[in-house]
Amino acid sequence: MKKALFLTVFALAGLITIAQKPNTLTKKEKKEGWKLLFDGTSTKGWHTYLRDTVGSKWQVRDGVLVFDPSQPASGGGDIVTNEEYENYELNLEWNISKGGNSGIIFDIQENPKYKDTYLTGPEMQVLDNKDAADNKKQNHLAGCLYDMSGDSTVSKPRPPGEWNQVRLIQNKGHITFYLNGIQTYDGQIGSEEWNKMVAGSKFANKAFADFAKVTKGKIALQQHPGSSQWRNIKIKLL
């Protein structure tokens, strides 16, 4: 009995030891083609939208990419990938502060004629559903296709201080969102249903004339009220 108990404890200890470290890839993931977009030590591969470097509000602390709103305003702005992506699966984890708000924006066309990332790219919402100011509309809740689709039946974020898992898949303009394993959206950019959703959203405004017109672009993490934290950001081309 004692021997069996010892072996069980030893096995559990082994599992803990070999648990995957944040911001790393397993041999299996590497073989499948996954690439890290955040190495856990630097902001390499990212820059502030329409700038050459990453602003001071974005910092790396203890293996986590942090948006710190207490830093000078001049160091703000959304950060975007240096590279553009078209057909891919993006995985990441986010952790939002109490009352916090952010987003994952994609298909961004980085051009000075577009002042903001969201003028061209759709967004998967990141939010503290309970205390954030932007929690009044159902399709503004965490995991939703921002201002277009989703509600509390699929938006099941973990509370501030806990990590949430995201899968964002885009393949030939077809996008699928998952938050903590729950599918929060599935649809085709440019379809009749999509165009109807756009027409009923803020993106119908003429300021968004080029919104979601190209299913290829850069990926952004959004500056917004509150602090946000990010890790295990990885991508696989399809």
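No value in this document is a laboratory result; all are computed from the given coordinates. Just so you know, these numbers come straight off a predicted model, no measurement behind them. Every residue, glycine among them, receives a Cβ derived from its backbone with ideal geometry; neighbour counts consider all protein chains shown.
What order do you get for 80-93, 21-34 when each peptide is scored by the mean count of other beta carbon atoms within 10 Å, highest first?
80-93, 21-34
Could you tell me the center-to-center distance, by alpha carbons, between segment 19-33 and segment 139-158 in angstrom?
What the calculation gives is 29 Å, centre to centre.
Work out, step by step, the length gained on full extension between LYS172 and ASN111: first 0.36 nm times the residue separation, then minus their alpha carbon distance; give nm to one decimal.
Extra length available between LYS172 and ASN111 comes to 19.7 nm.
Which residues among segment 142-172 fall inside the zone where the amide N is under 20 Å from a point 7 Å beyond the Cα of LYS98, along Cα→Cβ?
142, 157-164
Please go through the residue pairs LYS136/LYS236; LYS27/LYS218; LYS35/LYS196; LYS115/LYS172; LYS28/LYS113 and name each one whose alpha carbons sit more than 31 Å apart in this structure.
The answer is LYS136/LYS236; LYS35/LYS196; LYS28/LYS113.
Could you work out [θ]222 nm for the chain from helices alone, using -39500 (n - 2.57) per DSSP H run of at least four and dividing by all its residues? Round to the nearest 500 deg cm²/dmol.
Dividing the helical sum by the residues of the chain leaves -3500 deg cm²/dmol.
Points 7 angstrom from Cα along the Cβ direction at LEU238 and THR26: gap in nanometres?
Those two pseudo-labels are separated by 2.2 nm.
Once you place label points 7 Å from the Cα toward the Cβ at SER152 and ALA19, how far apart are they in nm?
3.3
Under a Cβ-only charge scheme (Lys and Arg +1, Asp and Glu -1), can you give me the dipole magnitude of the chain about the Cα centre, in debye to the nearest 20?
740
Under the 0.36 nm per residue contour assumption, what length would be gained going from the current alpha-carbon distance of ASP210 and LYS137 to full extension?
23.9 nm
Can you sort SER42, SER56 from fewest to most other Cβ atoms within 10 Å of each residue's own Cβ?
SER42, SER56
So what's the angle, to the nearest 10 degrees on a 0 to 90 scale, between helix 2-17 and the longest Cα principal axis of the chain?
The angle comes out near 30 degrees.
What order, most packed first, do the peptides 66-78, 176-188 have when packing is the mean number of other Cβ atoms within 10 Å of each residue?
176-188, 66-78
How would you rank LEU238, LEU36, going from fewest to most other Cβ atoms within 10 Å of each one's own Cβ?
Working: LEU238 13, LEU36 17.
Arranged by neighbour count, lowest to highest, LEU238, LEU36 become LEU238, LEU36.
If you rank SER201, SER102, SER152 by fewest surrounding Cβ atoms within 10 Å, what's the result?
SER152, SER201, SER102
For the chain, what relative contact order do you get, as a whole percent, if you take Cα pairs closer than 8 Å and at least 6 residues apart? Let's see the in-between values first.
Numbers: 547 pairs, mean separation 66.4, N = 238.
Value for the chain: 28 percent.
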